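**Student:** So that we are looking at the same thing, I have put the structure below in structure tokens.
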């Protein structure tokens, strides 16, 4: 088995933890598996180095300064493995085997990085490379970085390019949890989660795996997240399944838009629960939900629009904060899924602008961390789909 494992800053935050990491790496190597290691800076070293820069440093100088955290980690791990009789080598920018190449903006050059990563992979089994995470170099050999979460990106990207069977992210949480264990009682480990689910959680604050890293995962690459106290790298934690799809998709059947208005919706707890619960009890699937200043809109299939209208109307009669429900039928929805939306300013404009230029009315736009849904009149769906496809 070929494994790429990444040790986060917390998992290397002390001598004891470095010893634990070295033990787990040695066990995998001694069992006959091929393993490459990606190391983050110890603890909060990167933040401390950044805080020390109280002057106008060039990007190149800043990269050289913050690189010292990762450079220290790989040396410590290499020494710990040598003490255990494991043949290892630390690999950092400037090393002949260095794999990660970017342009001057820190954008990965995939062809060159893949070529170098595959060359490095051919040495696995004979030696354990310990690679600095987060860091990269441009084609001229100048230091660059991959940005926040760059060590995760290094690990999953190398796992992909080195044809690894598994990428294991070793961090300070026991995989993905049902809730923040520091806030909620009884939080449990989620044994499996999809890339789509995890990316949405990550973009909304769940610090498990950097969202940008997951764009390098495909169906064949197993990615797991384990706690640094979990000594066995090859078991436990949370398995991340699937791959993130880049696509433009249009629902084949038309939708109806049901808008419930109420003067105190924003200040009345439980309104959304009452309305969506009533639709659930009527076995009506809701495709999407949007909220306005004093309204809530549900999108459902046109075949159940009449039933849904009656269900919502019944709730209006029983709730004094709600005023009326109105229905608009024959609406199409076009969804754009992408991996980097939160980091790409103007994504919504790239959809809205061309549609407006074609004089297509936009009924609604609903966004999430990884998708944008545009609702347009059903009669305009084919033209709108072509416009959005051309934009992406």
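**Student:** Simple spin-label model, 7 Å along Cα-to-Cβ: residue 219 to residue 97 in nm?
**Tutor:** Taking the simple label geometry, residue 219 and residue 97 are separated by 3.3 nm.
**Student:** Rounded to a whole number, what is D in µm²/s for region 1-83 from Stokes-Einstein with the Kirkwood radius over alpha-carbon pairs (4 °C, 1.567 mPa s)?
**Tutor:** For the chosen part, D equals 94 µm²/s.
**Student:** Project the alpha carbons of region 248-391 onto their principal axes and report the range along each, largest first, in whole Å.
**Tutor:** Projected onto its principal axes, the Cα set of region 248-391 covers 47, 31, 25 Å.
**Student:** Here's something else I'd like to know. Can you tell me the 0 to 90 degree angle between the C-alpha axis of helix 347-357 and the longest principal axis of the chain, rounded to 10?
**Tutor:** In the chain, helix 347-357 runs at an angle near 40 degrees to the longest axis.
**Student:** Taking neighbour counts of Cβ atoms within 10 Å as a proxy for exposure, in what order, fewest first, do 250, 293 appear? Don't skip to the end; give the middle numbers.
**Tutor:** Values: 250 16, 293 7.
Ordered by Cβ neighbours within 10 Å, fewest first: 293, 250.
**Student:** Take the chain, connect every pair of alpha-carbon atoms lying under 10 Å apart with a spring to form a Gaussian network, then pick out the residue of 237, 150, 301 with the largest mean-square fluctuation.
**Tutor:** Maximum among the listed residues: 301.
**Student:** Moving to a separate point now. Any idea what angle helix 15-30 forms with the longest principal axis of the chain, computed on alpha-carbon atoms, 0 to 90 degrees, nearest 10?
**Tutor:** Tilt relative to the chain: about 90 degrees.
**Student:** Of all DSSP beta bridges in region 2-244, what percent run antiparallel (nearest 5)?
**Tutor:** Within region 2-244, antiparallel bridges account for around 25 percent of the total.
**Student:** Give me 230, 273 ranked fewest to most by other Cβ atoms within 10 Å of their Cβ, as a rough exposure proxy.
**Tutor:** 273, 230
**Student:** With springs only between Cα atoms under 10 Å, which of 40, 371, 14 fluctuates most in a Gaussian network model of the chain?
**Tutor:** Highest fluctuation of the listed residues: 14.
**Student:** While we're here: Between rounded, prolate and oblate, where does region 2-244 land on the alpha carbon gyration tensor, with a ≥ b ≥ c its root eigenvalues, rounded for a/c under 1.5, else prolate if a/b exceeds b/c?
**Tutor:** Since a/c stays below 1.5, the shape of region 2-244 is classed as rounded.
**Student:** Please determine, in degrees from 0 to 90 and to the nearest 10, the orientation of helix 110-121 with respect to the longest principal axis defined by the Cα atoms of the chain, where the helix direction is its Cα long axis.
**Tutor:** Taking the Cα atoms of the chain, the angle to 110-121 is about 40 degrees.
**Student:** Right, another one. Roughly how many whole Å is it from the C-alpha centroid of region 350-370 to that of region 31-100?
**Tutor:** Using only Cα atoms, the two centres lie 44 Å from each other.
**Student:** Remind me, relative contact order of region 2-244 in percent, using alpha carbon pairs under 8 angstrom and six or more residues apart? Could the numbers behind the result be given before it?
**Tutor:** Values: 521 pairs, mean separation 54.5, N = 243.
Relative contact order comes out at 22 percent.
**Student:** For region 94-169, count the residues as N, evaluate 2.2 N^0.38 Å, and divide the Cα radius of gyration by that value, please.
**Tutor:** This ratio for region 94-169 stands at 1.02.
**Student:** In nanometres, what is the gap between the two model label sites at residue 27 and residue 367, each 7 Å from Cα along Cα-to-Cβ?
**Tutor:** Label-label distance for residue 27 and residue 367, simple model: 4.5 nm.
**Student:** Could you give the length gained on full extension between residue 123 and residue 352, defined as 0.36 nm per residue of separation minus the Cα-Cα distance, in nm?
**Tutor:** Separation in residues times 0.36 nm, less the Cα-Cα distance, equals 77.4 nm.
**Student:** Determine, for 123, 78, the number of other Cβ atoms within 10 Å of each Cβ, and report the residues in order from fewest to most. Please list the in-between numbers first.
**Tutor:** On the way: 123 14, 78 21.
Fewest-to-most Cβ neighbours within 10 Å comes out as 123, 78.
**Student:** Separate question: Expressed in nm to one decimal, what extension gain is obtained for the pair residue 148 and residue 263 from 0.36 nm per residue of sequence separation less their Cα-Cα distance? Mind showing how you got there, number by number?
**Tutor:** Working: separation 115, 0.36 × 115 = 41.40 nm, distance 4.31 nm.
Value of the extension gain: 37.1 nm.
Rule-based calculations on the coordinates, nothing more; no lab input. Keep in mind the model is a prediction, meaning the values are calculated, not measured. Here the Cβ is made from the backbone with ideal geometry for all residues, glycine too, and neighbour counts use every protein chain on show.
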